[in-house]
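Input: a single structure, listed below in structure tokens.
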Amino acid sequence: MKIFILFFFITQLCFSIDYFLELRGDYSLQNYEENYWYYKGIAGLRHEGENFYTELSLIGEEGADPSVDLYRGYLEYYIDDLTLSAGRQTISWGHGYIFNFSDVFNEIDIEDPKSDKRGVDSIRFKYSLSDMSRLEFIGFKTDEKDENFAGRYTFLIDDFEVMMNYFHIAQPSPITGKIEKNERIVLETKGDLIIGVWGQISYDKYETDDLYTLVAGIDYNFNLYQKNVYTAMEGFYNKEGGGTYFTYNLRINESFEFYQGCLLIDDGGYLNTTLNYIYNDYVNFEFAYNYYHNFEKYGYLTKDNKELTNEIVFRTKMFF
């Protein structure tokens, strides 16, 4: 009888689990000289109950150490207005593309700033004070330190969302380049003034010096020859320098999508041009051209230790 009950329970659980698989393969020609292959696969399962949600997934990645690692693995539990979660989970604060000082949890992918983010080892507490406000607290781990803390208070004023963020974290200082303890306070807002607007005022108290940073961004949708175009621009400025980022996305038809992104920061620059062919709901093909000016790709150098300047990429993405 016990074996029958256990078998029945496992069977029901298996039928209620959603499985997913994501595959990506890149072939790039770098500096018009060297061929480079990149592969990534994410496989996992997720299950949603009445009072909880759980997800477990693994990632296999070309050139990574280890080659197969835990991508996400966490449990989220709901009690009335309270949400508790623990494990390796995705956390993404802030609304910016490239310059987002509220998101200390993720590395920015300049080729795809809004791409899916890897999980962060963390414990998260989220409580809705009302329909107009909520509190969040997070204890999380980074490569530099285990004892990091973040807190956020969010509230609504008319059509604007306002966030007050506090971070206690060890991270590389833009002033010295070394890992330092930092206390960051970020006041952030996002709303609609005919066009979408967002902004941040950040104060960083590093061990060696203080740093104030201002971020501002806008986005707007319009029709061009009966085609929808999404545009966005943002920039930042502090005493160490500044930068701007501009992107637009043109949906040509149901199958083709064209977008560009241009990043200028200090004396460097980056330009991305991508044509995306949506074959169906499961398969996408991309052709991209990336240009770098005094701007190393994630610190990557070619095999001959030459700085990467040009890159042509053929990419396939599959979702199951």
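At-a-glance table
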{"quantity": "Failed condition for Leu75, given (1) open to solvent by 70 Å² or more (accessible area, probe 1.4 Å); (2) in a loop (DSSP other than H, G, I, E, B); (3) without any contact (Cβ under 8 Å) to a residue 24 or more places away in the chain", "calculated": "(2)"}
{"quantity": "Test: residue in region 138-154 that is crowded, with 17+ Cβ neighbours inside 10 Å, of a type in the set (Lys, Arg) and under 20 Å from the mean Cα position of the chain (by Cα)", "calculated": "yes"}
{"quantity": "Condition met for Tyr270 (closer than 25 Å to Ser102 by Cβ, open to solvent by 70 Å² or more (accessible area, probe 1.4 Å), assigned to a strand (DSSP E or B) and not β-branched (Val, Ile, Thr))", "calculated": "no"}
{"quantity": "Selection within region 68-108 - of a type in the set (A, V, I, L, M) and over 21 Å from Ser128 (Cα atoms)", "calculated": "Val68, Leu70, Ile98, Val104, Ile108"}
{"quantity": "Members of region 184-204 that are surrounded by 15 or more Cβ atoms within 10 Å (Cβ to Cβ) and more than 18 Å from Thr154 (Cα to Cα)", "calculated": "Gly196, Asp204"}
{"quantity": "Count of residues meeting criterion [buried (at least 16 other Cβ atoms within 10 Å of the Cβ) and either at pLDDT 95 or above or part of a strand (DSSP E or B) (or both)] in region 103-132", "calculated": "5"}
{"quantity": "Residue within region 41-57 that is under 29 Å from Thr274 (Cα atoms), assigned to a strand (DSSP E or B) and open to solvent by 30 Å² or more (accessible area, probe 1.4 Å) present", "calculated": "yes"}
{"quantity": "Flag if Ile169 is over 30 Å from Arg251 (Cβ atoms), open to solvent by less than 60 Å² (accessible area, probe 1.4 Å) and outside any strand (DSSP E or B)", "calculated": "no"}
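The values are calculated or read from the model by the stated rules, or taken from the named source; none is laboratory data. Remember, predicted model here, so these are calculated numbers, not experimental data. All Cβ positions, even for glycine, are placed from backbone atoms using ideal geometry, and neighbour counts span all protein chains on display. Please note that ligands, DNA and RNA were not included when accessible areas were found on the heavy atoms of the full protein model with its side chains. Shrake-Rupley method; radii C 1.70, N 1.55, O 1.52, S 1.80 Å.
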